[in-house]
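What follows is a short report on a single structure.
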Amino acid sequence: MTIAAPEPKENMGRPEPRIDGRLKVTGAAKYASDADVSKPLYAVLLTSAVAKGRITAIDRTAADKIPGVVAIYTNENMPPVGEFAFFGAGGEAGSKAPALAGADIYFDGQIIGLVVAVSYEVAREASFATKISYSKVAPSPLMESEGVETADASDVSPRHKAISKGDLSRALTMSNVKVEATYETAAQVHNSIELFSTTCHWSGERLTVYEPSQFVTGMKFGLARQLAIKPEQIHVVCPFVGGAFGSKGSLTHRTSLVARASKLLGRPVKLQATREQGFTIATHRAETRHTIRLGATAAGKLLGYGHEAWEQTSRLDDYVVDGTGASTAMYSAEAIQTKVHVVRTDRNTPGFMRAPAEVPYFFALESAMDELAVALKMDPIELRRINDTMVNPANGAPYTSRSLMQCYDEAAKAFGWSNRSAAPGSMRDGDWLIGWGCATAAYPTQMAPATARVTLTANNAARVQSAVHDVGTGAYTILAQLVSERLAIPIERVAVELGDSSLPAGPVAGGSVTTASVGAAVAKACDAIRAKLYPNGRLENDMAAAFQALGAGSIEEYAEYEPEGLPKGSAAALQAGKLAIIGGALPDRTMFSFGAEFVEVRINARTREIRVSRCVGAFASGRIVNPRTARSQLMGGMIWGLSSALHEGMEIDVNTGKYVNDNLAEYLVPVNADIGSVEVILVPEIDTKVNPLGIKGLGELGNVGTDAAVANAVFHATGKRIRKLPIRLETLLDA
Amino acid sequence: MQPFLYERAADAKEASSSLARSAIEETNPIAGGTTLLDLMKLNVMRPEKLIDINHALPAQIVRVGGGVRLGAMVRMAEAASNEIIAREYPVVHQALMLAASAQIRNMASLGGNVLQRTRCGYFRDQTVPHCNKRTPGAGCAALDGVNRMHAVLGTSDQCIATYPGDFAQALMALDAKVEIEGQQGKRTIAFADLHVLPERDPAVETTLTRGDLITGFILPAATWTRRSLYLKIRDRDSYAYALASAAIVLDMDGIRVREARIAVGGVATVPWRARQAEDYLKGKVLDESNAKKAGEVAFVGAKAQQHNAYKPKLGAATIARALLQAKALEIEL
């Protein structure tokens, strides 16, 4: 076994290599923008140059004169025809305000038009030549800007109730040791390497859309509403996705514009948005602010935990991320009180981004826990151990399984934590200050309804089909593996078809639901095939003979999975484009994956640049289908966590509401040279209650907690507590 | 991008004439294109005609006297991997190795590199009206905008955009010279006289005039160039612009400084020589205290903005660290 393919431990499958790996590394995998359509036209988006105000004039004289320009669509000639519903309110769209609906501007970079031409270059030149005049109003782009509106999250989103248990102020009064601090996280943008693209092609009244998507089923129905046509008229094709991270789960307004332009012009139309447009036409991770109050006895027992948070949203849509449901389930505090606010700014609407709630909320909680450990003069791992719990302290609902301390113990051992000298600034290597820090990772185990079709043929081959997505996570491989295990045929003999809305409906590739949910539907279909093929209930060696006995050449089974706790008929609802997801902190049970992350930072004593030389994470997540893809996801998660801690942040101009660093040279993510050793430990865990396959999901787990582990290590190295992300060297120059 | 005419020049003279005599006002030379094409796609630079100089100008690294002549069309990667450069001019080798990415270094020419345009986000965004570099007299959005990466030395109330390069600092510290082919023939000037401060017109960045082309750089012949290094402090370990950098060339007389040559990057509007710091060090013992003091002296008169107030302190620490590292180098002369 190599490092990339860890030896399976108890309750783990084989570390199969990716079945789509060769296609991807040889360039044979066809992504959405590779769609082979005949004689396409090319589209470029027009986006607003101001953040707030109105369009007063659109002068297209110069643009129309450019040879090859076919059409310029704006609010003047292509107002929306259908309905647009915000995804945060049960809809499909990134924002409820459709593009080209009027002259109003709500944020910088808003889509205000579409230029179509015979080539991309002509379309782009015409987009520059289209002169838009505005009446401008000074925007309020930041949460601290004058003129923003603040609203209680529970008022705007009924799902997000404030949590209250016991008497927090009394608990804090009774505490021997207290921590009260405010933490801030930065706005981040997904920046998938695959840019946002859309290719539309009509054949009569039937529309084919090639677009990178995390949810082709939702897109089919949502786009139908936006275009005021029937869902049956739409076919969405997207077999491969070059990174999504939440940005391709909802529909940006580009899709309906391209579809309509294609219809009007009677030609296929291809659109490729630019990198900088990706910052404003889709969603982003909102910046957040948190005030945490923790109180504990001298022995470290938590008495009180208060968490009040503020999240950026837009003027148009109230997107609430709210991580308090997860954060209050972590430690056994006697009294708990939470409150979440949204702050409406003149910016684009935020949305899901890998571990949307947990990344910011755990930075705050896990930093505060470290501060509490320091105040208690206690090892931070011991503080977690003292407050470990097998029930959700907020409501008493039991965990289906929880292996947090096993993760801490395994990661601590691998990291060498026992050699840590606790005093800040006490570890050094020449000119470099060394800091060690750790933090908890957790992610709710969530399930979604799913449907799948499996076909087994007498020649020892199988096919599995479901309209779900491999967004780089390994879904192709995992589903092949499940079929291979279940039907006892070699994995090479399993064909997997995903990412196409004509396949059986699948959920969004989000919330880390795919393996458990789609896996459950696939397993059910496989079991049905087995029951038909092997009536005695045993898997025979001679499949051909079994088929012969049956008198059939193949067996095809369709199966649905409906998660426990959702209203009956959730699979049928999904087939109609309505998706429900359930999991995490529920009234009757509590389901989370856990991890513990340790990092070592090195900070130059003179110039204070921060580098992470190594990190170790141990994770427990129920059954691990494939230790190779699991490790890859968790490693990628931790690396993104380091990025979030030290690099990423959208730089927002306070006067204009523009993202100033809207490119990959200035919006920093780590390069290879920034990443030292990253060790992933898979901790065996068996959970028979969580879902049929005992799979807890780990696609998002890895990048939760890393921010705090880094900040805690920076404190250990320097004695300076940094409560604002990303942590940059200038905050340490005085340390 | 807008359509443009393209012409390939055969030699320096022809390239210079084509540029000088072009009937089209917006005529630009193009070498590696790593700045120009980027800014053309952003609609920030809109040349109507490009003169390809890749085959027109020298592309060799040759000995001249005891020194070295770097042809303008030598690629960054080629110069970075040259053995003479690595041995005799470590500061040049390191500045190049720490610049950009491998892909960009393979394309970018040395001549083009020193003329790289700023990465100021307001300059690069054509939807921002307030940029004196793009539109003289339009104002400067960076002054009260996001200015963490901006300059603290050589600024004016017109412009605070940082000169982004690394190689130029090495040339500054080496007292290198630039060879220019122009309409009046060939001339050679000090590299320090190439760039101009953004005092009145930030759109004018160099002393080059229409038809002028950089054809090469002359590195001096000396043994003291071997005690040299480039230290670059940045947010990530590769492919990032300097928050502060220091090019150091030290001529030591035992424990004392005979002459220190110091240039700083990431902190100034132009390639910047820290002459006061050099004067301060002359004849002094290069110890911790003097190194720190030299760093501080270099930033006397620095003017910081809201987000870059850390730069004088970081710049001073960078110089001090670089000086002490340069002193500690074991050199084979």
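The values are calculated or read from the model by the stated rules, or taken from the named source; none is laboratory data. In this text the structure is predicted, and so the values were computed from the model without any measurement. Every residue, glycine as well, gets a Cβ built from its backbone with ideal geometry; the counts of neighbours run over all protein chains shown.
Things worth noting here:
- Leading residue by the ranking (surrounded by the most Cβ atoms within 10 Å (Cβ to Cβ)) among those in the stretch B:124-145 that are of a type in the set (Val, Ile, Thr) and within 14 Å of chain A (Cβ to nearest Cβ): B:Val128
- When A:Glu83, A:Glu92 are screened for being touching a residue at least 60 places away in the same chain (Cβ under 8 Å), buried (at least 22 other Cβ atoms within 10 Å of the Cβ) and either more than 30 Å from B:Pro3 (Cα to Cα) or out of contact with any Lys or Arg (no Cβ under 6 Å at 6 or more places or on another chain) (or both), only A:Glu92 passes.
- Residue in the stretch B:41-51 that is among the acidic types (Asp, Glu), within 30 Å of B:Thr127 (Cα to Cα) and modelled with pLDDT under 95 present: no
- Residue within the stretch A:615-625 that is within 13 Å of chain B (Cβ to nearest Cβ), crowded, with 20+ Cβ neighbours inside 10 Å and in a strand (DSSP E or B) present: no
- When residues of the stretch A:716-735 are limited to those that are surrounded by 24 or more Cβ atoms within 10 Å (Cβ to Cβ) and in a helix (DSSP H, G or I), the one farthest from the other protein chains (Cβ to nearest Cβ): A:His716
- Here the strands (runs of 3 or more DSSP E) wholly within the stretch A:200-272 that include at least 1 residues being at pLDDT 95 or above, of a type in the set (A, V, I, L, M) and surrounded by fewer than 20 Cβ atoms within 10 Å (Cβ to Cβ) are A:234-237.
- Test: residue in the stretch B:234-244 that is surrounded by fewer than 23 Cβ atoms within 10 Å (Cβ to Cβ) and more than 14 Å from chain A (Cβ to nearest Cβ): no
- Number of the exception - B:Pro164 against (1) part of a loop (DSSP other than H, G, I, E, B); (2) crowded, with 24+ Cβ neighbours inside 10 Å: (2)
- Counting only residues that are in a loop (DSSP other than H, G, I, E, B) and over 30 Å from A:Leu271 (Cα atoms), the stretch A:118-158 holds 12 of them.
- Only one entry in A:Val50, A:Val37 is farther than 28 Å from A:Asp662 by Cα and in contact with a Ser or Thr (Cβ under 8 Å, 6 or more places away or on another chain), namely A:Val37.
- Top-ranked residue of the stretch B:1-21 - restricted to ones that are touching a strand residue (DSSP E or B) at 6+ places or on another chain (Cβ under 9 Å) and among the aliphatic types (A, V, I, L, M), ranked as surrounded by the fewest Cβ atoms within 10 Å (Cβ to Cβ): B:Leu5
- Counted residues, the stretch A:626-654 - those being charged (D, E, K, R) and either away from chain B (no Cβ under 11 Å) or closer than 23 Å to A:Val471 by Cα (or both): 3
- Within the stretch B:128-150, the set of residues being in contact with a Phe, Trp or Tyr (Cβ under 8 Å, 6 or more places away or on another chain), closer than 14 Å to B:Ala203 by Cβ and hydrophobic (A, V, I, L, M, F, W, C) comprises B:Cys131, B:Cys140.
- Within the stretch B:57-99, tally of residues that are of a type in the set (A, V, I, L, M), more than 17 Å from B:Arg227 (Cα to Cα) and not in a helix (DSSP H, G or I): 11
- Residues in the stretch B:245-269 that are among the small types (Gly, Ala, Ser) and either surrounded by 22 or more Cβ atoms within 10 Å (Cβ to Cβ) or under 13 Å from the mean Cα position of the chain (by Cα) (or both): B:Ser245, B:Ala246, B:Ala247, B:Ala260, B:Ala263, B:Gly265, B:Gly266, B:Ala268.
- When each of B:Arg119, B:Arg148 is tested for being touching a Pro at 6+ places or on another chain (Cβ under 7 Å), within 12 Å of another protein chain (Cβ to nearest Cβ) and part of a loop (DSSP other than H, G, I, E, B), the lone residue that passes is B:Arg119.
- Flag for A:Ile675 being more than 7 Å from chain B (Cβ to nearest Cβ) and crowded, with 17+ Cβ neighbours inside 10 Å: yes
- In the stretch A:550-570, the residues that are in contact (Cβ under 8 Å) with a residue 60 or more places away in the chain reach residues that are in a loop (DSSP other than H, G, I, E, B) with C-beta atoms within less than 6 angstrom, at least six apart or across chains, in these pairs: A:Gly553/A:Ala458; A:Glu562/A:Pro449; A:Leu566/A:Ala580; A:Ser570/A:Pro449; A:Ser570/A:Glu562; A:Ser570/A:Ala580.
- Conditions (1) at pLDDT 95 or above; (2) more than 21 Å from A:Phe107 (Cα to Cα); (3) touching an Asp or Glu at 6+ places or on another chain (Cβ under 7 Å): number failed by A:Met1: (1)
- Residues (at pLDDT below 95 and farther than 13 Å from B:Pro47 by Cβ) located in the stretch B:1-20: none
- Test for A:Ile686: is it touching a residue at least 24 places away in the same chain (Cβ under 8 Å) and either closer than 20 Å to A:Leu725 by Cβ or in a strand (DSSP E or B) (or both): no
- Exclusive hit being surrounded by 23 or more Cβ atoms within 10 Å (Cβ to Cβ) and either away from chain A (no Cβ under 14 Å) or in contact (Cβ under 8 Å) with a residue 24 or more places away in the chain (or both), set B:Tyr280, B:Tyr230: B:Tyr230
- Any hit, the stretch B:308-318, residues being under 19 Å from the mean Cα position of the chain (by Cα) and away from every other protein chain (no Cβ under 13 Å): no
- Lone unmet requirement of (1) crowded, with 24+ Cβ neighbours inside 10 Å; (2) more than 12 Å from chain B (Cβ to nearest Cβ); (3) closer than 19 Å to A:Trp436 by Cα for A:Glu700: (3)
- The requirement of being on the phi > 0 side of the Ramachandran plot and modelled with pLDDT of 95 or more is satisfied by B:Gly33.
- Note on the stretch A:655-672: residues that are β-branched (Val, Ile, Thr), within 7 Å of another protein chain (Cβ to nearest Cβ) and in contact with a Ser or Thr (Cβ under 8 Å, 6 or more places away or on another chain) total 1.
- Filter result for A:Pro398 (farther than 30 Å from A:Arg606 by Cα and either touching a Lys or Arg at 6+ places or on another chain (Cβ under 8 Å) or charged (D, E, K, R) (or both)): yes
- A:Ile603, sole failed condition from (1) within 14 Å of another protein chain (Cβ to nearest Cβ); (2) of a type in the set (A, V, I, L, M); (3) assigned to a loop (DSSP other than H, G, I, E, B): (3)
- Taken together, A:Glu358, A:Glu366 contain a single residue that is in contact with a strand residue (DSSP E or B) (Cβ under 7 Å, 6 or more places away or on another chain), farther than 21 Å from A:Glu679 by Cα and not hydroxyl-bearing (Ser, Thr, Tyr), which is A:Glu358.
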